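One structure below.
The values are calculated or read from the model by the stated rules, or taken from the named source; none is laboratory data. Just so we're clear, the structure is a prediction, and the values are computed from it rather than from any experiment. Every residue, glycine as well, gets a Cβ built from its backbone with ideal geometry; the counts of neighbours run over all protein chains shown.
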Amino acid sequence: MLKTWDAKRTKNKERLGMKEEQELKYGDENNLVEKVASLLKVNIAHLSDSTNTQDDKRTSQKPPFSAQDFSVFDHLHSRGRASTQELSEYLSAHPESELLDIGCGIGGPARFIAERFVCKVHGIDLTKDFCETAILLNRLCGLDKRIHITHGNACDMPYDDNHFDTVWTQHTSMNIADKKAFYSEIKRVLKPGGTFLFHDIFSNDSLKSDDECQIHLPVPWASSTEHNHLVAGEAIRDILKDLGFHREIWTDVTAETHLWFHNYSATGNDQNKLSKDLNPALFIGKDFPERAKNLKKNLALNKISVIQGVFRKG
Ligand SMILES: C[S@@+](CC[C@H](N)C(=O)[O-])C[C@H]1O[C@@H](n2cnc3c(N)ncnc32)[C@H](O)[C@@H]1O
């Protein structure tokens, strides 16, 4: 399996003329998967490894958790599970269809979709710790047969052309400098007529100069300019149009997002009965409160827009 993936990666790199991408590191935890397991009070010693597994002696056992249990901490984007649910209203999926979640994080959105639509979900993410954690959480709630996680780069994905019915992404494009490679890969792996859904942050379209576009850092997706790659929504609409996508939905949810941040506690969620330490600081970084504060400030200054989009591949 890994060999095939490597061969495909090399082929894709040649085609895209890409350089080797560095692994991305979110958070400060050295062994995230073990930390999460210990906070959930589960023993991972008996789980053979942190890879996706199809072997299952556990089919008759009731999983110790439900996907819903994790939803208080596992949606790593603004407005949490509510915004995943909102975007999923545009989704039509059935048990035979395959959806790809790009930048799947620790798998909250993938689990939500796999449970709600009973479809097959693939998640890909550049942060290895997140992939391992997603795999653990999938197993703990019994969704590991429906969700397959791959550690890899969105700009160089190990999937066949025209494979997926749907591609989905939330709050990931802001980390990606090469927008053309990113959206071209999405087009490549989508079936003709397939749907691309996103919930993303862009620079506000009305900003003109580079100075105006400068945002306050750190923010949840970037501690420095090195990982902050915001562009105006207008530029993304142009790229998608040039690639032959048809626009179906473009909804500005900036106001809702701003409002949500007014009542948001960056240090924890009262509804989290599992452990108060399963919070954004664990996954994003100890300075998360400062990052969240800057995100709110950038929203207040109209520097960024939060957009839900639905596009169809022609
Ligand atoms: C803010 S998190 C969002 C995670 C997830 N989409 C969610 O909403 O819960 C951004 C994610 O994008 C991933 N990411 C950033 N650049 C990527 C790339 N080039 N390829 C794959 N994943 C990437 C990060 O590792 C991180 O997990």
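Quick check: anything in segment 98-120 closer than 24 Å to R312 by Cα, in contact (Cβ under 8 Å) with a residue 60 or more places away in the chain and away from the ligand (no atom under 12 Å from the Cβ)?
yes
Collect the residues in segment 184-218 that are over 18 Å from S305 (Cβ atoms) and surrounded by 15 or more Cβ atoms within 10 Å (Cβ to Cβ), keeping them in residue-number order.
Residues satisfying the conditions are S184, E185, I186, K187, R188, V189, L190, K191, G194, T195, F196, P218.
State whether one or more residues within segment 188-199 are outside any strand (DSSP E or B) and within 16 Å of the ligand (Cβ to nearest atom).
Looking through segment 188-199, at least one residue is outside any strand (DSSP E or B) and within 16 Å of the ligand (Cβ to nearest atom).
Can you spot a residue in segment 145-166 that is within 12 Å of the ligand (Cβ to nearest atom), closer than 17 Å to S71 by Cα and in contact (Cβ under 8 Å) with a residue 12 or more places away in the chain?
Filtering segment 145-166 down to residues within 12 Å of the ligand (Cβ to nearest atom) leaves 149-158.
From what is left, the residues that are closer than 17 Å to S71 by Cα are none.
There is no residue in segment 145-166 that is within 12 Å of the ligand (Cβ to nearest atom), closer than 17 Å to S71 by Cα and in contact (Cβ under 8 Å) with a residue 12 or more places away in the chain.
Filter segment 232-267 for residues that are among the hydrophobic types (A, V, I, L, M, F, W, C) and out of contact with any Ser or Thr (no Cβ under 8 Å at 6 or more places or on another chain) and give the result. Spell out the reasoning first.
Filtering segment 232-267 down to residues among the hydrophobic types (A, V, I, L, M, F, W, C) leaves 232, 235-236, 239-240, 243, 245, 249-250, 253, 255, 259-261, 266.
Hits for segment 232-267 are A235, I239, L240, F245, I249, W250, A255, L259, A266.
Condition check ((1) closer than 25 Å to A255 by Cβ; (2) in a helix (DSSP H, G or I)) across all residues:
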position	(1), (2)
H75	yes, no
E86	yes, yes
L91	yes, no
P95	no, no
D101	no, no
R111	no, yes
R116	no, yes
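Only one of (1) out of contact with any Asp or Glu (no Cβ under 8 Å at 6 or more places or on another chain); (2) at pLDDT 95 or above is not met by A266, so which one is it?
Of everything listed in (1) out of contact with any Asp or Glu (no Cβ under 8 Å at 6 or more places or on another chain); (2) at pLDDT 95 or above, A266 misses just condition (2).
Which of the residues belonging to segment 121-144 are near the ligand (Cβ under 9 Å from one of its atoms) and in a loop (DSSP other than H, G, I, E, B)?
Across segment 121-144, the qualifying residues are L126, T127.
Identify, please: which residue in segment 167-177 is within 9 Å of the ligand (Cβ to nearest atom) and either over 17 Å from the mean Cα position of the chain (by Cα) or within 16 Å of L197 (Cα to Cα) (or both) and is, among those, surrounded by the most Cβ atoms within 10 Å (Cβ to Cβ)?
W168
Considering only segment 81-108, state which residues are at pLDDT below 95 and crowded, with 18+ Cβ neighbours inside 10 Å.
First pass over segment 81-108, keeping only residues at pLDDT below 95: 92-96.
The one that is at pLDDT below 95 and crowded, with 18+ Cβ neighbours inside 10 Å: A93.
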